[in-house]
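Coordinate-derived values only; no laboratory data. Nothing here was measured: the structure is a model prediction, and the numbers come from that model. Using ideal geometry, Cβ is built from the backbone for each residue, glycine included, and neighbour counts are taken over all protein chains shown.
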Amino acid sequence: MFATDRSTSWAPGAKFFHWTSALCVVAAWILGLTIDAWPKGAVFVHESLGLAVILMLVGRVVGRLVWTSPEPEQTPWEPWARKLAAAGHGVLYLLLAAVTLLGVGYVLRRGISLSVFGLFQIPSPFVWPDRETARLAARPVKELHELAAHALMAVALLHAVAGLGHHYWLKDRTLTRMLPFRRG
């Protein structure tokens with residue numbers, strides 16, 4: 001996880017945060033879509049996955065400042081391909097932050113304390129006279145959270161397709177350099 005020469009591969013910490021974030025995001029999204037079909041404890045799991053993504057996002061941002069990145073593979077579409085990749089990563093980071101922070105905002109806006117991995121509670125600053133008022137007050141935040149989550153999944157799908165395109169079409173090392181337990 002330390003900064004070393006990574007001319008052929010991403011740092012192990014970068015790979016850890018990348019793949020763990022991806023798993024948590026997909027699991028939280030699926031759970032969010034099917035939350036009504038699960039027992040009540042599923043909401044706690046969904047919220048915990050979101051909080052884990054926040055922590056991993058912080059780790060990823062700090063890691064980008066510490067770890068050396070491998071040189072991007074050359075494509076036939078330079079330099080705009082590099083700019084497009086940077087923009088795509090920026091949108092992914094922005095959506096990761098937006099989805100998770102909107103999720104926290106939704107819980108708190110409903111007047112409910114947010115459990116942080118069952119260790120402690122963040123109390124809501126909102127007090128509503130009844131559940132229906134709380135639900136209506138939080139509805140716009142919930143809708144933004146859901147919209148941002150769907151946008152995140154769409155951009156993540158494009159990200160995955162781009163990685164597969166590099167591997168199978170361009171036949172370069174972009175994908176293999178990010179695979180866990182492999183050195184590009």
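Think of each Lys and Arg Cβ as +1 and each Asp and Glu Cβ as -1; about the Cα centre, that makes the dipole of segment 12-170 roughly 240 debye.
Can you pull out the GluC sites (Glu not before Pro) in segment 43-141 that DSSP calls coil and that have at most 12 other Cβ atoms within 10 Å?
On the way: sites: GLU47, GLU73, GLU132; in loops: GLU73.
Here no GluC sites (Glu not before Pro) fit, given the DSSP loop and packing criteria.
With angles folded into 0 to 90 degrees, how steeply does helix 41-66 sit against the dominant principal axis of the chain? Use alpha carbons for both and round to 10. Taking Cα atoms only, the helix is inclined about 40 degrees.
Per-residue ellipticity at 222 nm from helix content only, as computed over the chain with -39500 (n - 2.57) for each DSSP H run of at least four residues, stands at -22000 deg cm²/dmol. Based on the Stokes-Einstein relation at 25 °C and a viscosity of 0.890 mPa s, and on the Kirkwood radius from alpha carbon pairs, the chain is assigned a translational diffusion coefficient of 135 µm²/s.
If you fit an axis through the alpha-carbon atoms of helix 131-165 and take the longest principal axis of the Cα set of the chain, what angle between them do you get, 0 to 90°, nearest 10? Rounded to the nearest ten degrees, it is 10. Available extension along the chain between VAL61 and PHE181 is 41.0 nm, counting 0.36 nm per residue and deducting the alpha carbon span. If the segment from LYS171 to HIS150 were pulled out straight at 0.36 nm per residue, it would be longer than the present Cα-Cα gap by 4.6 nm.
Can you give the FRET efficiency to the nearest 0.05 for TRP38 and SER115, using r as the Cβ-Cβ distance and R₀ = 22 Å? Can you show the working numbers first?
Details: r = 17 Å, r/R0 = 0.75.
Using R0 = 22 Å, I get an efficiency of 0.85.
Take 168-177, 12-21 and order them by the average number of nearby Cβ atoms within 10 Å per residue, most first; the result is 12-21, 168-177. Using Cα atoms only, what is the angle between the long axis of helix 12-33 and the major principal axis of the chain, expressed in degrees (0 to 90) to the nearest 10? Roughly 40 degrees between the two axes. Kirkwood hydrodynamic radius of segment 100-171, from the reciprocal of the average inverse Cα-Cα distance over all distinct pairs: 14.4 Å.
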